[in-house]
There are 2 protein chains.
Amino acid sequence: MQQRNADRTKARILAAAIEEFAARGIAGARVDRIAEVAGCNKAMLYAYFGNKDGLFDAAFSASVEQYLDEVGFDADDLPAYAGRVFDYFEAHPDRLRLSTWYRLERPHGQPLEAIVAVNQSRLDELQRGMRRRVVTRQFSAVSLLSLIQAIATSWSSMNPEYGADEPNATVRRRAVLMAVQKILS
Amino acid sequence: MQQRNADRTKARILAAAIEEFAARGIAGARVDRIAEVAGCNKAMLYAYFGNKDGLFDAAFSASVEQYLDEVGFDADDLPAYAGRVFDYFEAHPDRLRLSTWYRLERPHGQPLEAIVAVNQSRLDELQRGMRRRVVTRQFSAVSLLSLIQAIATSWSSMNPEYGADEPNATVRRRAVLMAVQKILS
DNA sequence: ATTAAACAACCAACCAGTTAGTTAGGCCCA
DNA sequence: TGGGCCTAACTAACTGGTTGGTTGTTTAAT
């Protein structure tokens, strides 16, 4: 095992950054802590990612890429898509937190191109589905996408005061799928 | 106009705190900035609210109280309830941000009693509605509440990369109401 | 095959500016 | 005149970011 390897170090920094940013957000994250978890010196973060914000962007982009890759999209079977979104965030709740923090803390001058492109391709696919009459035309494509996203992640947007009342993952998943089916009918 | 008035000062601190915390979260908020906006000395915040977290809790509680008061709840007409939720957060987007930050940043040892109480009363009301067959029994009460909440605030949970595609408030409101009706049918 | 130069990866220590929180005392009204 | 309201000034600790130098790795001429 080599002692010096830029790619390996970058990857470890990114992983540590995702963890720290997901837990505490941009303002709450501590660069020193990320460096420590990554097992390297703080100066490396600055060498590779410029500054704290640059590191967040890199970490979030990496996280999103993974997500898009794993979840995919399918206008022909939107309930299944919603199920995959639900499953992904059930398995990786930190990724949802990360994206929430992105919404809250990033001043959105230039949107991430990767996301813009994916958004557009999904809208297109939905609209094709509508023309082919396999997708309801009662909502606009954006509305539909937004509703499905919100439903699939509905549990994580609840206030935490429900606590004990919160049903288990299986029940919640069923509710999500049923809700999406009803929206589409 | 009197120059000294504890209640008035407290209220101005609270208002300034809501603004600052909504914009930047707990970690990102600056106590000095809150004091400046409130037009008083920083020491007053500490005299009245103990510390930064205490101030956040007070600000958030005040915000929630206002919200619960204004929006209310009605198990007999859930689409209308969803509409009111939508309208409230359309008019006060900062309140939604505040509650998101509460979810993300607050270590939930003791939940806010006010919220617990309201949650419970809503669940009870929903269950009564189910027994009276005016509310669908296809979902559990918690699931239903969670879904409606998510749908009513769905637009604010979207990633910001949609930008230009985002429809206007009227269209979005219609989508929310229709979605809730479909869920309930 | 050696070796020396060139380069890339890495780090300990430091810095200037910022932050939450405190203190000691002044001011105002009853 | 006394107690609650208010402030300027302060501090100890922390934070993002930098610097100057060290060490491992590759390259290429000998």
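The values are calculated or read from the model by the stated rules, or taken from the named source; none is laboratory data. What you see is a predicted model; the values in this text were computed from it and never measured. Virtual Cβ from ideal backbone geometry, glycine too; neighbours counted across all protein chains shown. Ligands, DNA and RNA are stripped out before the accessible areas are found, and what is left, the full protein with its side chains, is counted by its heavy atoms. Shrake-Rupley method; radii C 1.70, N 1.55, O 1.52, S 1.80 Å.
Structure values in brief
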quantity	calculated
Index of the failed condition, B:Ser143 passing every other in (1) closer than 25 Å to A:Pro160 by Cβ; (2) surrounded by 18 or more Cβ atoms within 10 Å (Cβ to Cβ); (3) more than 7 Å from every other protein chain (Cβ to nearest Cβ)	(3)
A:Ala150 surrounded by fewer than 16 Cβ atoms within 10 Å (Cβ to Cβ) and part of a helix (DSSP H, G or I)	no
The range A:98-116 - residue that is part of a loop (DSSP other than H, G, I, E, B) and surrounded by 15 or more Cβ atoms within 10 Å (Cβ to Cβ) and, of those, farthest from the other protein chains (Cβ to nearest Cβ)	A:Arg106
Candidates A:Arg133, A:Arg137 - the one that is at positive phi, more than 8 Å from chain B (Cβ to nearest Cβ) and surrounded by fewer than 18 Cβ atoms within 10 Å (Cβ to Cβ)	A:Arg133
Pair list, Cβ < 6 Å and 6+ apart or interchain, from the range A:156-180 residues that are under 17 Å from B:Gly109 (Cα atoms) to residues that are surrounded by fewer than 17 Cβ atoms within 10 Å (Cβ to Cβ)	A:Pro160/B:His108; A:Glu161/B:Pro111; A:Glu161/B:Val116
Count of the range A:50-59 residues which are near DNA strand D (Cβ under 9 Å from one of its atoms) and part of a helix (DSSP H, G or I)	4
Hits in the range B:3-45 - residues which are of a type outside the set (Phe, Trp, Tyr), touching a residue at least 60 places away in the same chain (Cβ under 8 Å) and open to solvent by less than 50 Å² (accessible area, probe 1.4 Å)	B:Ile18, B:Ala22, B:Gly25, B:Ile26, B:Ala27
Among the residues listed as B:Val85, B:Val64, B:Val37, the single one being part of a helix (DSSP H, G or I) and either within 16 Å of DNA strand D (Cβ to nearest atom) or basic (Lys, Arg) (or both)	B:Val37
Extreme residue, farthest from B:Thr153 (Cα to Cα), among residues of the range B:75-85 that are in contact (Cβ under 8 Å) with a residue 12 or more places away in the chain and either more than 14 Å from chain A (Cβ to nearest Cβ) or open to solvent by less than 10 Å² (accessible area, probe 1.4 Å) (or both)	B:Asp76
Residue count for the range A:1-34, restricted to those that are part of a loop (DSSP other than H, G, I, E, B) and either over 20 Å from the mean Cα position of the chain (by Cα) or within 12 Å of DNA strand C (Cβ to nearest atom) (or both)	6
